[in-house]
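First up is the structure itself, then whatever we jot down about it.
The values are calculated or read from the model by the stated rules, or taken from the named source; none is laboratory data. Predicted model only: the values in this text are computed from it and were never measured. Cβ coordinates were reconstructed from backbone atoms using ideal geometry, including for glycine residues, and neighbour counts include every protein chain displayed. Each accessible area value is taken on the protein alone, full model and side chains, heavy atoms only, with ligands, DNA and RNA left out. Shrake-Rupley method; radii C 1.70, N 1.55, O 1.52, S 1.80 Å.
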Amino acid sequence: MRIALIGYGKMGKAIEQIALSKGHDIVLKIDLENGHDMTPENLSKADVAIEFTGPSSAPANLLKCAEAGIPAVCGSTGWLDEYPMVVQVFEKSNVAFLYSSNFSIGVNIFFELNKKLAVLMANHTEYQVVMRETHHTQKKDAPSGTAISLAEQIMNEIPSLKKWVNRPAETAGELPILSERIDPAPGTHEVKYYSAIDDIEIIHTAHSRVGFAGGAVLGAEFIQHKKGIFSMKDVLGF
């Protein structure tokens, strides 16, 4: 594939390394200094774009891809209020779009474990649940997009939980997500059910960005010749 990298920070560089090792070409690199180069003409040189920037820039970047007719993979988090609008533009343009809050294969397996555990715990009201996520200090959003995805999965299965909060729970119906930002920490997510009798925990810890970057390239390979809106569940066949 010919890939446009939109976002050339640590994640973008990790994606580049894996893409090149798999025989793909990087035909466009966009970072903070050369945003003006993200023109329809330059985007059209790519078969697919991979977007990892931030919540303030992701929607506009994705719209440019859709308008240029370039399939896009997005791993930016913190912008999902605008997700329906972005999806609508991709659908109208008949261009493939794949979004995931986390491209790690391990995390996507963790998502499935989280859903199953929530189903098992739904009728056991003697347990309370708390989540914790730890990332490096350069991460712009808190809680992480992955933590929000985990929280939404839990709330879908446990109706007594009405909303997540980024602090300790203060009232019934709150699902607490406790966020920590320390270096170095590529990312740890914990879900803990606790009672007076015992605790049940599931934990995913990333050791590097390689898992996220590899999943993003896998996602790009998946959507290259497709139309429609996809997630990592589609890529991994869950």
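Mind checking which pairs have a first residue in region 156-170 that is closer than 21 Å to LEU117 by Cα and a second that is basic (Lys, Arg), Cβ under 7 Å, 6 or more apart or different chains?
If the second residue must be basic (Lys, Arg), the pairs left are GLU157/LYS115.
Being closer than 20 Å to THR53 by Cα and polar (S, T, N, Q) narrows it down to one residue among GLN128, GLN153, GLN138; which is it?
Details: GLN128 fails: closer than 20 Å to THR53 by Cα; GLN153 fails: closer than 20 Å to THR53 by Cα.
Of the residues listed, the single one that is closer than 20 Å to THR53 by Cα and polar (S, T, N, Q) is GLN138.
Name the residue, out of ILE200, ILE148, ILE158, ILE177, that is of a type in the set (A, V, I, L, M) and either at positive phi or surrounded by fewer than 18 Cβ atoms within 10 Å (Cβ to Cβ) (or both).
ILE200
Please pick out the residue among SER44, SER21, SER100 that is modelled with pLDDT under 95 and either open to solvent by 70 Å² or more (accessible area, probe 1.4 Å) or among the small types (Gly, Ala, Ser) (or both). Explain how you work it out, then say what you get.
Numbers: SER44 fails: modelled with pLDDT under 95; SER21 fails: modelled with pLDDT under 95.
Residue meeting the stated conditions: SER100.
Restricting to region 2-31, give me the number of residues that are hydrophobic (A, V, I, L, M, F, W, C) and more than 21 Å from the chain's Cα centre (by Cα).
Initially, region 2-31 is screened for residues hydrophobic (A, V, I, L, M, F, W, C), giving 3-6, 11, 14-15, 18-20, 26-28, 30.
Still in the list and also more than 21 Å from the chain's Cα centre (by Cα): 20, 26-28.
Selection size over region 2-31: 4.
Does at least one position in region 160-173 carry a residue that is within 17 Å of LEU120 (Cα to Cα) and out of contact with any helix residue (DSSP H, G or I) (no Cβ under 6 Å at 6 or more places or on another chain)?
Kept after step one, since they are within 17 Å of LEU120 (Cα to Cα), are these residues of region 160-173: 160-161.
Going one step further and asking which of them are out of contact with any helix residue (DSSP H, G or I) (no Cβ under 6 Å at 6 or more places or on another chain), we end up with 160.
Yes: region 160-173 contains one or more residues that are within 17 Å of LEU120 (Cα to Cα) and out of contact with any helix residue (DSSP H, G or I) (no Cβ under 6 Å at 6 or more places or on another chain).
Take the residues in region 223-238 that are at pLDDT 95 or above and touching a strand residue (DSSP E or B) at 6+ places or on another chain (Cβ under 7 Å); name whichever of them is surrounded by the most Cβ atoms within 10 Å (Cβ to Cβ).
This residue is ILE223.
Residues to consider are ALA142, ALA220; find the one that is of a type in the set (A, V, I, L, M) and part of a loop (DSSP other than H, G, I, E, B).
Criteria check complete, one pass: ALA142.
Mind checking which residues of region 38-69 are of a type in the set (Val, Ile, Thr) and either assigned to a helix (DSSP H, G or I) or closer than 23 Å to GLN17 by Cα (or both)? Talk me through it step by step, then tell me what you get.
Step one: of region 38-69, the residues of a type in the set (Val, Ile, Thr) are 39, 48, 50, 53.
Across region 38-69, the qualifying residues are VAL48, ILE50, THR53.
For MET121, state whether it is farther than 27 Å from PRO186 by Cβ and hydrophobic (A, V, I, L, M, F, W, C).
yes
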